[in-house]
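Have a look at the structure below before the remarks.
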Amino acid sequence: MKRPFPMAVAQLGPIHLSDTREAVVRRLVELLRESHSRGAKFVVFPELALTTFFPRYWMEDQEEIDRFFEPSMPTAATQPLFDQARQYGIGFYLGYAELTPAGEHFNTSILVDRRGGIAGRYRKIHLPGHSDHKPQAPFQHLEKRYFKVGNEGFNVWRTMDSLIGMCICNDRRWPETFRVMGLQGAEVAVLGYNTPSHNIHWAEPPHLRMFHHLLLLQAHAHQNALWLGAAAKCGAEDGFHMIGGSAIVSPTGEIAAQACTEDDEVIFVNCDLALGDTFRQHVFNFAMHRRPEHYRLIVDRVGAGEPLTK
Ligand code: ING
């Protein structure tokens, strides 16, 4: 029996340093309106969806840095998005820079349910890049400088008639991310990303950025029987280019929808969660095919850090 989960991924084009939160939220609300017109009941927005990707800049003044962070959620500037979503009865994933009351800084995403309540929160664990200043580089990647490593793990929330997991950007490159969600019974995993198309560390052929991005989404979706929604913020932000390629991937591993532009764009699939059930039952059935003792055999060897091929 079909279990419909109508999901949209709302890709954002560039957000420039001069763009205000209010102007960005107007774009998010327009993407929400279009998602609603397509029949979506859940929308995925990108990582750091309220500001430009500021970790590309070296900053020393904490007040200047904190201007990119949100001290609460919703804020006055984001309230219109929460209000419109609740009016439509649509839930959403939103990535933003979180400044906690205790003064901690995280690269965060939230899961907002269809009544406008915050059902879940995730704080990015895999922070890529560097913390030192690289003045010779064309741009910086200072997530390790501006954010603390997430302290809440990878979780799955029972909400909106499903079991939904969250992660952010670089997390999608690590197999544990989706396996930990899969082991918790996730049916849907969603993420936002800001992926520079240029590698500042070595002469990586540009086509590999998109190849790896899609390879990872397809493999992790299939290996964990997940519907996967990934939303890019992309295009050239003040001249610094980031890849698009927002996509919705099926538990079969096939790309069910993919963005065609590097601008604000909605893609939509009426996902059938029953498709994931099939793969959880017949292929990736942990109870039948991956007994704890088998797992222990595998993990104990790897866990010790011993090279498996001695
Ligand atoms: N961005 C990039 C990402 O993981 C990156 C950084 C790209 C790391 C390619 C390694 C290889 O997609 C963020 N924000 O994590």
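Do we have Ala225 as assigned to a loop (DSSP other than H, G, I, E, B), more than 16 Å from the ligand (Cβ to nearest atom), modelled with pLDDT of 95 or more and not polar (S, T, N, Q) here? Yes, satisfied. The single condition among (1) of a type in the set (A, V, I, L, M, F, W, C); (2) under 29 Å from Arg3 (Cβ atoms); (3) part of a helix (DSSP H, G or I) that Ile65 does not meet is (2).
Residue count for region 34-56, restricted to those that are touching a residue at least 24 places away in the same chain (Cβ under 8 Å) and away from the ligand (no atom under 14 Å from the Cβ): 12. What are the residue pairs meeting all of these: first residue in region 277-295, first residue aromatic (Phe, Trp, Tyr), second residue open to solvent by less than 60 Å² (accessible area, probe 1.4 Å), Cβ atoms under 6 Å, and 6 or more apart or on different chains? Going by the 6 Å Cβ cut-off, the qualifying pairs are Phe279/Ala225; Phe279/Pro251; Phe284/Ala225.
Taking the criterion of being within 23 Å of Arg56 (Cα to Cα) and in contact with a Phe, Trp or Tyr (Cβ under 8 Å, 6 or more places away or on another chain), the only residue of region 18-33 that qualifies is Leu28.
Answer yes or no as to whether Met7 is open to solvent by 10 Å² or more (accessible area, probe 1.4 Å) and among the hydrophobic types (A, V, I, L, M, F, W, C). It is false that Met7 is open to solvent by 10 Å² or more (accessible area, probe 1.4 Å) and among the hydrophobic types (A, V, I, L, M, F, W, C).
Just one residue in the set Ala236, Ala247, Ala259 is in contact with a Ser or Thr (Cβ under 6 Å, 6 or more places away or on another chain) and in contact (Cβ under 8 Å) with a residue 60 or more places away in the chain; that residue is Ala259. Condition test on Leu127, is it within 15 Å of the ligand (Cβ to nearest atom) and within 22 Å of Met59 (Cα to Cα)? Here the answer is yes, as Leu127 does meet what is asked.
Among the residues of region 166-217, the one identified as more than 11 Å from the ligand (Cβ to nearest atom), at pLDDT 95 or above, small (Gly, Ala, Ser) and not in a loop (DSSP other than H, G, I, E, B) is Ala189. Of all residues in region 214-225, those that are closer than 9 Å to Gly182 by Cα and touching a residue at least 40 places away in the same chain (Cβ under 8 Å) have Cβ atoms under 6 Å from Cβ atoms of residues that are assigned to a helix (DSSP H, G or I) and not β-branched (Val, Ile, Thr), 6 or more apart or on another chain, in Asn224/Phe178; Asn224/Gly182; Ala225/Gly276; Ala225/Phe279; Ala225/Arg280. Test Glu152 against the criterion of being open to solvent by 40 Å² or more (accessible area, probe 1.4 Å) and either touching a residue at least 40 places away in the same chain (Cβ under 8 Å) or away from the ligand (no atom under 16 Å from the Cβ) (or both), and give yes or no. The answer is yes for Glu152. Residues in region 205-247 that are acidic (Asp, Glu) and open to solvent by less than 30 Å² (accessible area, probe 1.4 Å): Glu237 only. Within region 17-56, the set of residues being assigned to a loop (DSSP other than H, G, I, E, B) and open to solvent by less than 60 Å² (accessible area, probe 1.4 Å) comprises Asp19, Gly39, Ala40, Phe45, Pro46, Glu47, Leu48, Ala49, Leu50, Thr51, Thr52, Phe53.
What number goes with the only condition from (1) surrounded by 21 or more Cβ atoms within 10 Å (Cβ to Cβ); (2) in a helix (DSSP H, G or I) that Val266 does not pass? Against the list (1) surrounded by 21 or more Cβ atoms within 10 Å (Cβ to Cβ); (2) in a helix (DSSP H, G or I), Val266 comes up short only on (2).
The values are calculated or read from the model by the stated rules, or taken from the named source; none is laboratory data. Quick caveat, the model's predicted, so the values are computed rather than measured. Cβ: placed from backbone, ideal geometry, glycine included. Neighbour counts: every protein chain shown. Please note that ligands, DNA and RNA were not included when accessible areas were found on the heavy atoms of the full protein model with its side chains. Shrake-Rupley method; radii C 1.70, N 1.55, O 1.52, S 1.80 Å.
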